[in-house]
Amino acid sequence: MKKILALILLVIFLITSIYYAVTYYIPYSEGVRSGELIKFSKKGILFKTYEGEISQGISGAQIFKFSVEGSKKEVVKSLEKYNGRYVKVTYIERFGKFFWLGDTKYFVTKVEEDSSPHFSKLRPTEDE
C-alpha cells in the first residue's frame, strides 16, 4: 500500500514538474508591440506582481495587458520611467499563467522608448 501511494505521489510530482517546465521555459509566441504606456503598477496581496497596460490606438479601444517578472529590475525601472510615453516592448507569451508570476500570459522582457506614429507628420523630416 505504501509503495502504491509513493508511486502515485511521484507520478503527480512528475506531471506537475513537466507542466511547469513546459509552461515556463517554452514560449508559445514572441513579439514586439508599441503603444502609449498608460498604466504600470505593482499589485497583489500575498504575491506582488508587476502589471501594465499599453494603449495601441488613438481612442484607447485596443489595450495590451502585460506582466513583468520581479527579477527583471531593469525592465521595471524603464517602465516606471516611461509611464505616459510611447514605448516599444518585446514580450513572450506563455501557454498558461501562474498566479505568483503575473495576471497575464504576456511577459515583457525588454522596453525602449519609441516615437509615436500619430504625431510623426508634426516632426520635420530630413528633406526639410
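The values are calculated or read from the model by the stated rules, or taken from the named source; none is laboratory data. Bear in mind that the values here come from a model prediction, so they are computed numbers and not experimental data. Cβ coordinates were reconstructed from backbone atoms using ideal geometry, including for glycine residues, and neighbour counts include every protein chain displayed. These accessible areas exclude ligands, DNA and RNA; they are computed on the full protein's heavy atoms, side chains included. Shrake-Rupley method; radii C 1.70, N 1.55, O 1.52, S 1.80 Å.
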Theoretical ellipticity at 222 nm over the chain - DSSP helices of four or more residues, -39500 (n - 2.57) apiece, nearest 500: -8500 deg cm²/dmol
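Dipole magnitude of segment 1-107 about its Cα centre, charges +1 at Lys/Arg Cβ and -1 at Asp/Glu Cβ only, in debye to the nearest 20? Don't skip to the end; give the middle numbers.
On the way: 17 positive and 9 negative charges, 59 e Å.
Dipole of segment 1-107, to the nearest 20 debye: 280 debye.
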Quick check for you: with a 1.4 Å probe and neighbouring chains kept, what is the accessible area per residue of the chain, in Å²? 72 Å²
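Take peptides 41-49, 67-75 and line them up by average Cβ neighbours within 10 Å, highest first, as a rough protection proxy.
Working: 41-49: 11.3, 67-75: 15.3.
Highest-to-lowest ranking by the protection proxy: 67-75, 41-49.
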Please compute the Kirkwood hydrodynamic radius over the chain, one decimal place, Å, based on all pairs of different Cα atoms. 16.8 Å
For segment 15-93, with the dipole built from +1 on Lys and Arg beta-carbon atoms and -1 on Asp and Glu ones, taken about the Cα centre, which of 84, 18, 31 lies farthest toward the positive end? 84
Could you run the Debye sum over the Cα atoms of segment 1-63, one equal point scatterer each and no solvent, and tell me log10 of I(q)/I(0) at q = 0.12, 0.24, 0.25, 0.29 Å⁻¹, two decimals? -0.61, -1.01, -1.02, -1.07
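How large, in percent, is the carbon and sulfur part of the accessible surface of the chain at a probe radius of 1.4 Å? Walk me through the intermediate numbers first.
On the way: 5450 of 9170 Å².
C and S fraction of accessible area: 59 percent.
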